[in-house]
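Read the structure below first, then the notes.
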Amino acid sequence: MSEGGILAGKAAVVTGGSRGIGRAIVERLCRDGADVVFSYVSGAGSADEVARATAGRARAVRADLAEPEAAEQLMAQAEERLGGLDILVNNAAVPFSPAPLAETEAADFDRVMAVNARAAFLTLRYAARHMRDGGRIVNVSTMNTVRPAPGISPYVASKGALEQLTAAAALELGPRAITVNSVSPGATDTDLLRSVNPPEALDQVARLTPLGRLGQPADIASVVAFLVGPDGGWVTGQNLRAAGGLV
(Lines give C-alpha, C1' and ligand atoms only; values in the text may rest on other atoms or scores of the structure.)
Protein backbone atom coordinates (compact mmCIF):
# COMPACT_ATOMS: atom_id res chain seq x y z
CA MET A 1 0.00 0.00 0.00
CA SER A 2 0.99 3.62 -0.40
CA GLU A 3 2.88 5.58 2.21
CA GLY A 4 2.34 9.25 3.05
CA GLY A 5 -0.49 11.60 2.18
CA ILE A 6 -3.90 12.17 3.70
CA LEU A 7 -5.29 9.13 1.85
CA ALA A 8 -2.43 6.79 2.72
CA GLY A 9 -3.68 3.24 3.06
CA LYS A 10 -6.95 3.96 1.25
CA ALA A 11 -8.14 1.80 -1.63
CA ALA A 12 -10.03 3.68 -4.35
CA VAL A 13 -11.96 2.80 -7.50
CA VAL A 14 -12.58 5.43 -10.19
CA THR A 15 -14.72 4.58 -13.19
CA GLY A 16 -13.76 6.26 -16.44
CA GLY A 17 -10.34 7.33 -15.26
CA SER A 18 -8.19 7.48 -18.37
CA ARG A 19 -9.03 10.94 -19.70
CA GLY A 20 -10.36 14.36 -18.78
CA ILE A 21 -11.95 14.80 -15.38
CA GLY A 22 -11.53 11.12 -14.54
CA ARG A 23 -7.80 11.20 -15.17
CA ALA A 24 -7.44 14.32 -13.00
CA ILE A 25 -9.30 12.57 -10.19
CA VAL A 26 -7.12 9.46 -10.42
CA GLU A 27 -3.92 11.49 -10.38
CA ARG A 28 -5.10 13.64 -7.45
CA LEU A 29 -6.10 10.64 -5.33
CA CYS A 30 -2.73 9.05 -6.00
CA ARG A 31 -0.91 12.25 -5.01
CA ASP A 32 -2.90 12.22 -1.79
CA GLY A 33 -1.66 8.71 -1.07
CA ALA A 34 -4.45 6.40 -2.22
CA ASP A 35 -3.98 3.27 -4.28
CA VAL A 36 -6.35 3.40 -7.25
CA VAL A 37 -7.89 1.03 -9.73
CA PHE A 38 -9.58 2.87 -12.60
CA SER A 39 -11.62 1.67 -15.53
CA TYR A 40 -11.48 2.58 -19.19
CA VAL A 41 -13.34 1.27 -22.20
CA SER A 42 -11.14 2.43 -25.10
CA GLY A 43 -7.79 4.07 -25.55
CA ALA A 44 -5.41 1.70 -23.82
CA GLY A 45 -2.59 4.14 -24.55
CA SER A 46 -4.25 6.85 -22.45
CA ALA A 47 -4.78 4.37 -19.62
CA ASP A 48 -1.11 3.40 -19.75
CA GLU A 49 -0.15 7.09 -19.59
CA VAL A 50 -2.12 7.49 -16.37
CA ALA A 51 -0.43 4.47 -14.84
CA ARG A 52 2.99 5.87 -15.76
CA ALA A 53 2.09 9.37 -14.51
CA THR A 54 1.24 7.92 -11.10
CA ALA A 55 4.36 5.75 -10.95
CA GLY A 56 2.17 2.67 -11.13
CA ARG A 57 0.11 3.61 -8.08
CA ALA A 58 -2.96 3.63 -10.33
CA ARG A 59 -3.81 0.46 -12.21
CA ALA A 60 -6.09 0.26 -15.22
CA VAL A 61 -8.82 -2.28 -15.84
CA ARG A 62 -10.71 -2.36 -19.13
CA ALA A 63 -14.44 -2.50 -18.49
CA ASP A 64 -17.31 -1.69 -20.85
CA LEU A 65 -19.83 -0.53 -18.27
CA ALA A 66 -22.62 -0.74 -20.83
CA GLU A 67 -22.43 -4.51 -20.35
CA PRO A 68 -24.68 -5.74 -17.51
CA GLU A 69 -22.00 -7.73 -15.69
CA ALA A 70 -19.08 -5.34 -16.17
CA ALA A 71 -19.61 -3.07 -13.17
CA GLU A 72 -19.64 -5.81 -10.57
CA GLN A 73 -16.74 -7.58 -12.23
CA LEU A 74 -14.74 -4.35 -12.14
CA MET A 75 -15.47 -3.81 -8.46
CA ALA A 76 -14.61 -7.37 -7.49
CA GLN A 77 -11.36 -7.26 -9.43
CA ALA A 78 -10.44 -3.90 -7.91
CA GLU A 79 -11.19 -5.05 -4.38
CA GLU A 80 -9.03 -8.13 -4.88
CA ARG A 81 -6.13 -6.10 -6.27
CA LEU A 82 -6.35 -3.43 -3.59
CA GLY A 83 -7.13 -5.65 -0.64
CA GLY A 84 -10.28 -3.71 0.26
CA LEU A 85 -12.46 -0.79 -0.71
CA ASP A 86 -12.56 2.67 0.91
CA ILE A 87 -13.37 5.10 -1.90
CA LEU A 88 -15.60 4.90 -4.98
CA VAL A 89 -15.84 7.65 -7.60
CA ASN A 90 -18.43 7.07 -10.32
CA ASN A 91 -17.15 9.22 -13.16
CA ALA A 92 -17.74 7.10 -16.27
CA ALA A 93 -20.42 8.51 -18.55
CA VAL A 94 -21.60 8.23 -22.11
CA PRO A 95 -21.92 11.60 -23.81
CA PHE A 96 -25.01 12.17 -25.89
CA SER A 97 -24.91 13.87 -29.26
CA PRO A 98 -27.65 16.49 -29.04
CA ALA A 99 -30.86 15.54 -30.82
CA PRO A 100 -34.47 16.64 -30.49
CA LEU A 101 -36.57 14.44 -28.24
CA ALA A 102 -38.83 13.57 -31.19
CA GLU A 103 -35.83 12.17 -33.07
CA THR A 104 -34.14 10.31 -30.19
CA GLU A 105 -34.21 6.53 -30.49
CA ALA A 106 -35.05 4.33 -27.52
CA ALA A 107 -31.75 2.52 -28.07
CA ASP A 108 -29.88 5.80 -27.54
CA PHE A 109 -31.72 6.37 -24.28
CA ASP A 110 -30.97 2.83 -23.12
CA ARG A 111 -27.27 3.16 -23.94
CA VAL A 112 -26.88 6.39 -21.97
CA MET A 113 -28.85 5.08 -18.99
CA ALA A 114 -26.87 1.83 -18.97
CA VAL A 115 -23.56 3.56 -18.32
CA ASN A 116 -24.55 6.78 -16.58
CA ALA A 117 -27.16 5.35 -14.20
CA ARG A 118 -27.29 1.53 -14.16
CA ALA A 119 -23.53 1.01 -13.87
CA ALA A 120 -23.40 3.55 -11.05
CA PHE A 121 -26.25 1.76 -9.29
CA LEU A 122 -24.34 -1.51 -9.56
CA THR A 123 -21.08 -0.07 -8.23
CA LEU A 124 -23.01 1.59 -5.41
CA ARG A 125 -24.67 -1.72 -4.59
CA TYR A 126 -21.31 -3.44 -4.50
CA ALA A 127 -19.94 -0.71 -2.23
CA ALA A 128 -22.93 -1.07 0.09
CA ARG A 129 -22.02 -4.73 0.48
CA HIS A 130 -18.24 -4.54 0.60
CA MET A 131 -16.96 -1.03 1.43
CA ARG A 132 -15.25 -0.62 4.78
CA ASP A 133 -17.01 1.51 7.38
CA GLY A 134 -16.02 5.17 7.12
CA GLY A 135 -15.73 4.99 3.33
CA ARG A 136 -16.42 7.70 0.78
CA ILE A 137 -18.51 7.65 -2.40
CA VAL A 138 -18.68 10.46 -4.97
CA ASN A 139 -20.84 10.42 -8.09
CA VAL A 140 -19.97 12.85 -10.87
CA SER A 141 -23.12 14.49 -12.24
CA THR A 142 -23.53 17.66 -14.32
CA MET A 143 -24.78 21.21 -13.99
CA ASN A 144 -27.28 20.34 -16.76
CA THR A 145 -29.61 18.78 -14.19
CA VAL A 146 -30.34 22.31 -12.97
CA ARG A 147 -29.53 24.11 -16.21
CA PRO A 148 -30.82 21.76 -18.92
CA ALA A 149 -30.40 22.39 -22.59
CA PRO A 150 -32.49 21.29 -25.57
CA GLY A 151 -31.52 18.02 -27.19
CA ILE A 152 -29.94 16.20 -24.23
CA SER A 153 -32.94 14.54 -22.61
CA PRO A 154 -31.35 11.08 -22.11
CA TYR A 155 -28.20 12.62 -20.63
CA VAL A 156 -29.97 14.81 -18.08
CA ALA A 157 -32.35 11.96 -17.22
CA SER A 158 -29.41 9.68 -16.46
CA LYS A 159 -27.67 12.27 -14.31
CA GLY A 160 -30.88 13.12 -12.50
CA ALA A 161 -31.18 9.44 -11.63
CA LEU A 162 -27.59 9.48 -10.40
CA GLU A 163 -28.29 12.38 -8.06
CA GLN A 164 -31.30 10.59 -6.58
CA LEU A 165 -29.24 7.43 -6.08
CA THR A 166 -26.77 9.63 -4.21
CA ALA A 167 -29.43 10.96 -1.86
CA ALA A 168 -30.91 7.54 -1.11
CA ALA A 169 -27.55 5.85 -0.63
CA ALA A 170 -26.42 8.58 1.77
CA LEU A 171 -29.37 7.78 4.03
CA GLU A 172 -28.75 4.04 3.91
CA LEU A 173 -24.99 4.11 4.41
CA GLY A 174 -24.79 6.94 6.94
CA PRO A 175 -25.05 4.60 9.96
CA ARG A 176 -21.75 3.06 8.82
CA ALA A 177 -20.11 6.51 8.53
CA ILE A 178 -19.94 6.13 4.75
CA THR A 179 -20.58 9.45 3.01
CA VAL A 180 -22.22 9.66 -0.40
CA ASN A 181 -22.19 12.87 -2.41
CA SER A 182 -22.36 14.07 -5.99
CA VAL A 183 -20.34 16.73 -7.76
CA SER A 184 -21.83 18.64 -10.68
CA PRO A 185 -19.15 20.17 -12.90
CA GLY A 186 -19.86 23.14 -15.07
CA ALA A 187 -18.23 23.60 -18.46
CA THR A 188 -14.86 21.92 -17.97
CA ASP A 189 -12.06 22.23 -20.50
CA THR A 190 -11.62 18.70 -21.80
CA ASP A 191 -11.13 17.20 -25.25
CA LEU A 192 -14.71 15.98 -25.12
CA LEU A 193 -16.11 19.45 -24.36
CA ARG A 194 -14.17 20.97 -27.24
CA SER A 195 -15.21 18.21 -29.62
CA VAL A 196 -18.92 18.99 -29.23
CA ASN A 197 -18.85 22.79 -28.82
CA PRO A 198 -17.54 25.50 -31.15
CA PRO A 199 -14.92 27.87 -29.69
CA GLU A 200 -17.33 30.82 -29.67
CA ALA A 201 -19.78 28.90 -27.48
CA LEU A 202 -17.04 28.11 -24.97
CA ASP A 203 -15.94 31.74 -24.96
CA GLN A 204 -19.50 32.78 -24.18
CA VAL A 205 -19.76 30.33 -21.28
CA ALA A 206 -16.51 31.65 -19.85
CA ARG A 207 -17.86 35.21 -20.02
CA LEU A 208 -21.05 34.16 -18.23
CA THR A 209 -19.14 32.45 -15.45
CA PRO A 210 -18.47 34.75 -12.47
CA LEU A 211 -14.91 33.45 -12.18
CA GLY A 212 -14.37 34.31 -15.83
CA ARG A 213 -13.06 31.05 -17.28
CA LEU A 214 -13.84 27.45 -18.08
CA GLY A 215 -13.24 24.91 -15.38
CA GLN A 216 -10.19 22.69 -15.51
CA PRO A 217 -10.24 18.96 -14.72
CA ALA A 218 -8.04 19.67 -11.70
CA ASP A 219 -10.74 22.00 -10.33
CA ILE A 220 -13.20 19.12 -10.21
CA ALA A 221 -10.59 16.72 -8.85
CA SER A 222 -9.97 19.12 -5.96
CA VAL A 223 -13.63 19.04 -4.97
CA VAL A 224 -13.66 15.24 -5.14
CA ALA A 225 -10.47 15.11 -3.08
CA PHE A 226 -12.11 17.19 -0.36
CA LEU A 227 -15.15 14.92 -0.24
CA VAL A 228 -13.15 11.69 -0.02
CA GLY A 229 -10.59 13.11 2.43
CA PRO A 230 -10.73 13.47 6.19
CA ASP A 231 -12.11 17.01 6.03
CA GLY A 232 -15.20 15.80 4.11
CA GLY A 233 -16.47 13.49 6.80
CA TRP A 234 -19.38 15.72 7.85
CA VAL A 235 -20.74 16.20 4.32
CA THR A 236 -23.14 13.63 2.90
CA GLY A 237 -26.20 13.51 0.69
CA GLN A 238 -25.12 16.73 -1.05
CA ASN A 239 -24.67 17.81 -4.65
CA LEU A 240 -21.76 20.24 -4.89
CA ARG A 241 -21.95 22.40 -8.01
CA ALA A 242 -18.39 22.97 -9.14
CA ALA A 243 -19.19 25.42 -11.90
CA GLY A 244 -17.35 28.63 -11.08
CA GLY A 245 -20.64 30.28 -10.12
CA LEU A 246 -22.34 29.62 -13.48
CA VAL A 247 -25.17 27.80 -11.70
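The values are calculated or read from the model by the stated rules, or taken from the named source; none is laboratory data. Not measured: the values here are computed from a predicted model. Positions of Cβ are backbone-derived with ideal geometry, glycine not excepted, and every protein chain shown enters the neighbour counts. Side chains are part of the model used for accessible areas, which takes the heavy atoms of the whole protein and leaves out ligands, DNA and RNA. Shrake-Rupley method; radii C 1.70, N 1.55, O 1.52, S 1.80 Å.
Scanning for something touching a residue at least 40 places away in the same chain (Cβ under 8 Å) and surrounded by 24 or more Cβ atoms within 10 Å (Cβ to Cβ), does segment 37-50 turn up at least one residue?
yes
State which residue pairs qualify: first residue on the phi < 0 side of the Ramachandran plot and inside segment 53-72, second residue part of a strand (DSSP E or B) and open to solvent by 20 Å² or more (accessible area, probe 1.4 Å) in any location, beta carbons under 7 Å apart, and separation of 6 or more residues or different chains.
Cβ pairs passing all conditions: A60/Y40; R62/Y40.
Could you please find all residues in segment 184-236 being surrounded by fewer than 19 Cβ atoms within 10 Å (Cβ to Cβ), among the polar types (S, T, N, Q) and not in a helix (DSSP H, G or I)?
N197, T209, Q216
Is it fair to say R81 is more than 24 Å from Q164 (Cβ to Cβ), open to solvent by 20 Å² or more (accessible area, probe 1.4 Å), touching a strand residue (DSSP E or B) at 6+ places or on another chain (Cβ under 9 Å) and in contact (Cβ under 8 Å) with a residue 12 or more places away in the chain?
yes
Quick one: how many residues across segment 84-121 are open to solvent by less than 20 Å² (accessible area, probe 1.4 Å) and under 18 Å from V36 (Cα atoms)?
Within segment 84-121, residues that are open to solvent by less than 20 Å² (accessible area, probe 1.4 Å) and under 18 Å from V36 (Cα atoms) number 8.
Going by the structure shown, is Q164 within 16 Å of the chain's Cα centre (by Cα), assigned to a helix (DSSP H, G or I) and not aromatic (F, W, Y)?
yes
Would a scan of segment 24-46 turn up a residue that is among the basic types (K, R) and closer than 19 Å to N139 by Cα?
yes
Does at least one position in segment 173-183 carry a residue that is open to solvent by 40 Å² or more (accessible area, probe 1.4 Å), in contact with a Leu (Cβ under 6 Å, 6 or more places away or on another chain) and either of a type outside the set (D, E) or in contact (Cβ under 8 Å) with a residue 40 or more places away in the chain (or both)?
No, that holds for no residue.
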